[in-house]
Amino acid sequence: MNMKTIVSVAAACGCITFATAAEEPTEAEKGEFKVEDIVSVELGLNLDSRYMNYGVIDGKDPVLKPVGYLTLFDWVYVGGEMVFDVTKGNGKRAWGEGYGNRAGKYMLIDATAGLAHKFDLGESLGKLSVDFYYIYEYFQRHSLGMYDTQYLNLELSLEDLWFEPKLWIERDIMADNGTYVNLEVGHTIPLIGRTEESESEDDDEPVLAFRPSVGQGFGNTQRVRGYDFTNNGNALDHGGLMDTTIKGELTWKVCDHLKLTAFLAYSDFWFDSNIRDGARERNASWGKGCDHSWNFYGGVGVKVEF
């Protein structure tokens, strides 16, 4: 091989090396142009054995809840959920003739807009998830006069800590000006670790995980009164500790874009006897089998993310 040939081969290799290096994005560029950082979509469908709010029954029979959210730039999102009655019982038992047979029809629509982001607080605390959002809630019209309402919500959570604390504050700004606060602690137990085929190297979410949790709710006077907690037919005139909920959640990450979920929960009113009696009276409107303050309920769901 003569000198001219050697020089030609070296030049060709150099050009290839330079082209490869030029085409390969830097770490900054990799993070800068990810499509999922610009727009992401979450769609879900959940089937719950009962429709529950604040530890009391809002629907004795199963409900179907489709959900959908669109997130822009990992900050701003819009979307919401609907609640469909599966059987006719939820309409005829609680709301009487005016509500009627709602089987297969929607009960309410929640339209949501919010800001959500995770902030790095260092090694000790990990990431702080902040979610501030507005909900407009539209009820299906009927002769008994259920009305629309609006909420402001703030959720704070430290998911990297062992006991995963989560604080949820809800303010009703239209119906009763009530405030509800819920503090939850839990722990995610990986049953099957992450797969090597995961698209994201930073994704350490397990394939199968179980998360037990305990949550405690508190409602001010307006929230307790506005949600029809009564004592011998008279509206309660004080706030206090409301529902205590023990929950177990199972999440199966089928692939990077698909999850299956299931949960089982128990709730009761342990700490305030007046509110407990009020919850018992409220639940009793659903029939003899519901005339107690405690409830067991569960559900299954599917979630698609891309």
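Accessible surface of V302 in the full protein assembly, 1.4 angstrom probe, to the nearest 10 Å²?
50
Among 174-185, 283-294, how do they line up from the highest to the lowest mean number of other beta-carbon atoms within 10 Å?
174-185, 283-294
Filter the GluC sites (Glu not before Pro) in segment 200-306 down to the DSSP loop ones having no more than 11 other Cβ atoms within 10 Å, then list what survives.
The qualifying sites are E201.
So for each of 38-49, 114-125 I average, over its residues, the number of other beta carbons within 10 Å; can you give me the resulting order with the highest mean first?
Put in order of decreasing packing, that is 38-49, 114-125.
Convex hull over the Cα atoms of segment 209-306, averaged projected area in nm²?
Average projection, Cα convex hull of segment 209-306: 7.7 nm².
Collect residues whose amide H, placed 1.01 Å from N in the peptide plane, falls under 5 Å from the amide H of R194; neighbours closer than 5 in sequence don't count.
Excluding prolines and chain starts, which carry no amide H, the hits are V207.
Would you please give the residues with an amide H less than 5 Å from that of G178, counting only those at least 5 places away or on a separate chain, with H modeled from the backbone geometry?
Under 5 Å from the amide H of G178 lie the amide H atoms of D172, each far enough along the sequence or on another chain.
What percent of all Cα-Cα pairs in segment 150-278 falls in each 5 Å bin, counting up from 0?
With a bin width of 5 Å, the distribution comes to 2, 10, 15, 16, 15, 13, 10, 8, 6, 3, 1, 0.
Points 7 angstrom from Cα along the Cβ direction at L264 and D237: gap in nanometres?
Modelled inter-label distance: 4.4 nm.
Considering only protein heavy atoms, what per residue accessible area in square angstrom results for segment 231-306 with a 1.4 angstrom probe?
Accessible surface, normalised per residue, equals 50 Å².
Of the listed pairs K60/K288; K118/K247; K127/K303; K105/K253; K88/K247; K65/K166, which have alpha-carbon separations greater than 20 Å here?
From the list (K60/K288; K118/K247; K127/K303; K105/K253; K88/K247; K65/K166), the Cα-Cα distance tops 20 Å for K118/K247; K127/K303; K105/K253; K88/K247; K65/K166.
The values are calculated or read from the model by the stated rules, or taken from the named source; none is laboratory data. What you see is a predicted model, and the numbers here were worked out from it, not measured in a lab. Positions of Cβ are generated from backbone atoms using ideal geometry, with glycine treated the same way; all protein chains shown enter the neighbour counts. These accessible areas exclude ligands, DNA and RNA; they are computed on the full protein's heavy atoms, side chains included. Shrake-Rupley method; radii C 1.70, N 1.55, O 1.52, S 1.80 Å.
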